[in-house]
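First the structure, in the form of structure tokens, and then the observations on it.
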Amino acid sequence: MGGSIGVTVREENGKEHRMCRWTNTLPWFITNLRFLNKDPKHLEAYLEQWNIMKADYDNHKNEWESIKQKYGRDAWNHEPFENNMTGCYAPYAFLAPQGYGLVVVDMQKDIVLDFQGYTSLDTIHGVSIASDMSSVAPGLHEFVIGGQQTKKLSKKAFYLKNDFLNSVRFRELFEAGRITKAIMDIRYPDKLISLNGKSLNDTIDLLENDVEKFLQFPINMSPYEVIKYKEHNSKEAQRMQVKIKELGFTLSDEEESMWDEWIESTSG
């Protein structure tokens with residue numbers, strides 16, 4: 001289902017974007033060849049919805065404050081925003097854990113800090129690819145005796161012009177040499193299946209098997225280093241906060257308070 005999460009991006013030019021975003025766009029943003037290639041259009045696409053919500057919030061901020069004073073807890077039923085998600089995300093532009101946690105992307109130092117459990121930021125899961133393959137192809141319906149029968153996308157899912165699909169991103173990463181192995185059991189990450197010498201079709205065929213569809217495909221994230229922190233763990237939160245400051249980020253007093261509250265809520 002997903003929910004909110006703190007995301008901060010520092011561009012190569014030093015410009016920072018401190019945001020509260022929807023978790024569901026994270027896999028598309030980071031497990032993507034365009035991200036690894038530092039394609040400015042990809043970053044622009046990720047920031048677009050945030051910028052729309054932020055502008056919407058800024059344009060109606062005074063009106064919103066008046067509504068909150070007038071209606072109190074019922075204010076959400078009188079939102080003045082043009083975008084229906086603005087009130088959920090736009091006001092919360094902080095470099096601190098929110099909702100599912102926090103992800104920090106430092107494009108200057110090529111580091112991704114990962115403090116969340118919603119999704120893997122350096123792996124594509126076979127189940128999610130198989131799900132794309134089993135989706136119904138748009139417009140592909142056959143009427144047969146007894147009712148309507150649908151055709152599944154199957155291998156066509158890898159060749160659609162939609163990189164929000166795990167199958168499409170998998171193909172692009174595989175063809176770029178970014179995916180060269182698979183993990184059968186996450187409990188034994190050293191037990192790898194080599195994909196060297198296998199074609200894309202060979203690998204896709206694996207995913208049509210009920211067992212192999214549970215394969216996980218690690219991504220070569222170069223030039224980025226992904227540093228992972230155990231979610232909802234106070235000591236790990238403290239470690240991440242130290243790393244953020246080591247990278248040269250400055251936290252406001254409000255952000256420091258948010259970190260303190262998060263650490264306190266996850267301790268014990």
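What follows is calculated from the coordinates using simple rules that are stated; it is not laboratory data. All of these numbers come straight from a predicted model, not from anything done at the bench. Note that we place each Cβ from the backbone using ideal geometry, even for glycine, and neighbour counts take in every protein chain shown.
Structure notes:
- Global form of the range 1-148, assessed from the alpha-carbon gyration tensor, a/c cut-off 1.5: oblate
- Per-residue extension of 0.36 nm, minus the Cα-Cα distance of residue 65 and residue 228, leaves a gain of 54.9 nm for this segment.
- Calculated FRET value between residue 49 and residue 184, using beta carbons and R₀ = 51 Å, to 0.05: 0.90
- Here the range 34-108 is treated with +1 on each Lys and Arg Cβ and -1 on each Asp and Glu Cβ, and its dipole about the Cα centre works out to around 160 debye.
- With the simple model of a label 7 Å out from the Cα in the direction of the Cβ, residue 82 to residue 199 spans 5.1 nm.
- Ascending count of other beta-carbon atoms within 10 Å, so fewest first, for 25, 8: 25, 8
- When Rg and the Kirkwood radius Rh are both evaluated on Cα atoms of the range 15-83, their ratio Rg/Rh stands at 1.13.
- Distances between placed amide hydrogens fall under 5 Å for residue 226 paired with 112, all partners being 5 or more residues away or on another chain.
- With θ taken as phi - 60° and the Karplus curve 6.51 cos²θ - 1.76 cosθ + 1.60 applied, the whole-hertz 3J(HN,Hα) list for the range 102-115 is 8, 10, 10, 10, 9, 7, 6, 10, 6, 10, 10, 9, 10, 10 Hz, x standing for glycine and proline.
- For the pair residue 110 and residue 257, a Förster radius of 22 Å applied to the C-beta separation gives a FRET efficiency near 0.15, rounded to the nearest 0.05.
- Restricting the calculation to alpha carbons of the chain gives Rg and Dmax of 21.3, 68 angstrom.
- In units of the compact-protein estimate 2.2 N^0.38 Å, the range 168-268 shows a Cα radius of gyration of 1.52.
- By the count of neighbouring beta-carbon atoms within 10 Å, fewest first, 202, 114, 39, 190 end up ordered 190, 202, 39, 114.
- Counted by neighbouring Cβ atoms within 10 Å, the residues 159, 92, 46, 229 run from fewest to most as 159, 92, 229, 46.
- Among 164, 78, 215 the positive-end extreme of the charge dipole of the chain (Cβ point charges): 215
- Linear extension gain, residue 11 paired with residue 238, 0.36 nm per residue minus alpha-carbon span: 79.3 nm
- A simple charge model with +1 on the Cβ of Lys and Arg, -1 on the Cβ of Asp and Glu and nothing else charged puts the dipole of the chain at about 720 debye relative to its Cα centre.
- Summarising the label geometry, the points placed 7 Å from Cα in the beta-carbon direction at residue 214 and residue 155 lie 2.7 nm from one another.
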